[in-house]
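Single-structure report; data block below.
Only the coordinates and a few stated rules stand behind these numbers; no lab work does. Remember, predicted model here, so these are calculated numbers, not experimental data. Glycine gets a Cβ as well: all are built from the backbone with ideal geometry, and neighbour counts include every protein chain shown.
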Amino acid sequence: DAVAFQILYERYYPKVFHIAQGVLLDAEEAADAVQEIFTLVYRNLSRFDRRSKFTTWLYRVAVNRSIQQGRAARFKYRHVELTAASERTVEPETAADPEITQAMTMLAPADRAILTLFYWDELSLSEIAASLDCNENAAKTRLFRARERFKKTYEAVMS
């Protein structure tokens, strides 16, 4: 049903965009990822088994696709001058501190994803676990490790 899907798209676009931008740190890349995410959701809507909430499934698709695109983008900009690559970086709307933004850009997409879900999207560990398709303890461990890597990166940026 095209009308029902349009309603889903309009309702969840901002949240999915925010997740993608948190992982990719680039508004243009995030917009591209969101289009691909909703295309995947449309094609695979019949696979949604309703054992979890729709948003949990949608966020899982958003995180996975954003991480995949982030990995691909890493190779795309490998031979671009540093100033040209940094011009493409866009701060997440909630990150006012440029050092935080710089440290986030230096992290792996999976680390950015879990930090974005926890701090910017304020999801609980159980919601993050469902979105990442892992158990709550694994999500807690991933979040802990991402925090540790962020801390080291942030300290390097600050020195």
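If only Cα atoms are counted, what is the Rg of region 13-57, and what is its Dmax, in Å?
For region 13-57, the Cα-based Rg and Dmax read 11.5, 33 Å.
Under the Karplus relation 6.51 cos²θ - 1.76 cosθ + 1.60, θ = phi - 60°, what is the ordered set of whole-Hz ³J(HN,Hα) values for region 123-140, x standing for Gly and Pro?
7, 6, 4, 5, 5, 5, 4, 5, 5, 9, 6, 9, 7, 5, 5, 5, 5, 5
Can you pull out the trypsin sites (Lys or Arg not before Pro) in region 30-65 whose DSSP state is coil and whose Cβ has at most 10 other Cβ atoms within 10 Å? Could the numbers behind the result be given before it?
On the way: sites: Arg43, Arg47, Arg50, Arg51, Lys53, Arg60, Arg65; in loops: Arg50, Arg51, Lys53.
Of the trypsin sites (Lys or Arg not before Pro), the ones in loops of region 30-65 whose Cβ has at most 10 other Cβ atoms within 10 Å are Arg50, Arg51.
For region 17-34, in order, what is each residue's ³J(HN,Hα) by Karplus, 6.51 cos²θ - 1.76 cosθ + 1.60 with θ = phi - 60°, in whole Hz (x at glycine and Pro)?
4, 5, 5, 4, 5, x, 7, 8, 6, 8, 5, 5, 4, 5, 4, 4, 5, 4
Go through region 5-15 residue by residue and turn each phi into a ³J(HN,Hα) via Karplus (6.51, -1.76, 1.60, θ = phi - 60°); whole Hz please, and just put x for glycine and proline.
Using θ = phi - 60°, the values come out as 5, 4, 5, 4, 4, 5, 6, 9, 3, x, 5 Hz.
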